[in-house]
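For reference, the structure is listed below as structure tokens.
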Amino acid sequence: MKVLTTNTVGKEKTTDYFRFFRKIKRDHFIFFMCIVIASLFWLLIKLSEVYTVTYVFNVNYNHVPVKKRLTSLVDSSLTADVTARGFELINMGFGKETITLSIDLRKYQLIHDKGTSYYIYTQELRKRLAEQLRVDESNILFSENRIAFILEDLKSKKVSVVPRYTIHFKDEFGAYLDARIVPDQVEVFGPASALDTLSSVYTRESIFNDIESDIKASLLLENKHPDVFNYSISKVSLDVDVERFTESSLVVPINQYAGSIPIKTFPSSVKILYKVAQLDFNKVQVSQFNVSFDLREINLKEATKLHLIVDKQPANVSNIRMEPLDVEFLIIK
């Protein structure tokens, strides 16, 4: 015979309570999950349905013709009815008050209205907008048939291009002859008053390191005032011929005249050291040099030495040095 004590009875009652609460919680969870699943199915059904939503698009113009300046917008926004499924509306930002529509003016026909007023037909924008929103063109209906803006004509002026670049050559290498900038001029469009103060345009700074072969590169033009000036091009080409250089020397006679006065120098010749491209090494001749004197502020009757200068040299040599730099002399009477 089983005897129930007070403790045993209490434990059985506690167990019954836990079982009851677990059953209640399980029933609530099942009910909640049923609500969630039903809501998801309802949402999926609603999102698969087709809706027509009215959007207001902020209009942003870019790539304005270089000969003109966009000064104001007659129509700064555009309203359109877009028909799409709920999923598509969510993807395109349903609920936003406005969406920006960027208009590349190079891709549309600009129609001159009167004065400085121009417009484009909104029908031409349907394809671009359909691609942006990822809907079919036929599902877009604009409330206006055109959008207008003001384009003012600009004056033009050709100015020189000033390249800005630094070249770090490898040892024994250097630029052969002068660098070439193509084109070396650019047509600039802007207000007449501003163009009057413009004499040149600069490229952005470029750096070339460890160079041992020819350079063919593009240098971007720097426009510090894009709200004032338009450039006909955005970049120029830089061409630099690169060669290996070596040092060589020649002994060149000193011109024995100080102006029109015959003199005799001691020594009568000088050693000229120079750098030359290897392909021109055998082309440099003594006759291509002329060594004379710096006679500025010199009194021949009082001077004991004359300072030498090279006043003639071939174009294909550089880094010229002389030994010696000064010579003694006698005036020949």
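Data overview
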read-out: Candidates Val161, Val135, filtered to the one that is of a type in the set (A, V, I, L, M, F, W, C) and not assigned by TED's automatic domain parsing to the domain that holds Val56; value: Val161
read-out: Residue match in the range 144-166 (condition: closer than 22 Å to Ile215 by Cα, touching a strand residue (DSSP E or B) at 6+ places or on another chain (Cβ under 9 Å) and part of a loop (DSSP other than H, G, I, E, B)); value: yes
read-out: Hits in the range 175-214 (condition: among the hydrophobic types (A, V, I, L, M, F, W, C) and part of a strand (DSSP E or B)); value: Ala175, Ile181, Val182, Val186, Val188, Phe189, Val201, Ile207, Phe208, Ile211
read-out: Extreme residue, surrounded by the most Cβ atoms within 10 Å (Cβ to Cβ), among residues of the range 257-293 that are at pLDDT 95 or above and in a loop (DSSP other than H, G, I, E, B); value: Phe289
read-out: Residue ID - farthest from Ile167 (Cα to Cα), chosen from residues in the range 230-248 that are free of Cβ contacts under 8 Å to residues at least 40 places away in the same chain and surrounded by 12 or more Cβ atoms within 10 Å (Cβ to Cβ); value: Ser248
read-out: Residues satisfying the stated conditions in the range 127-146, i.e. buried (at least 19 other Cβ atoms within 10 Å of the Cβ) and of a type outside the set (Val, Ile, Thr); value: Leu129, Leu133
read-out: Selection count, the range 183-199, where residues are β-branched (Val, Ile, Thr) and either within 24 Å of the chain's Cα centre (by Cα) or not assigned by TED's automatic domain parsing to the domain that holds Tyr231 (or both); value: 2
read-out: Condition met for Arg180 (among the charged types (D, E, K, R), closer than 20 Å to Asp280 by Cβ and not assigned by TED's automatic domain parsing to the domain that holds Val64); value: yes
read-out: Subset of the range 294-333 that is in a strand (DSSP E or B) and among the β-branched types (Val, Ile, Thr) - its residue that is farthest from Ile272 (Cα to Cα); value: Ile331
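The values are calculated or read from the model by the stated rules, or taken from the named source; none is laboratory data. Just so it is clear, the structure is predicted and the values come from calculations on it, not from any experiment. Here the Cβ is made from the backbone with ideal geometry for all residues, glycine too, and neighbour counts use every protein chain on show.
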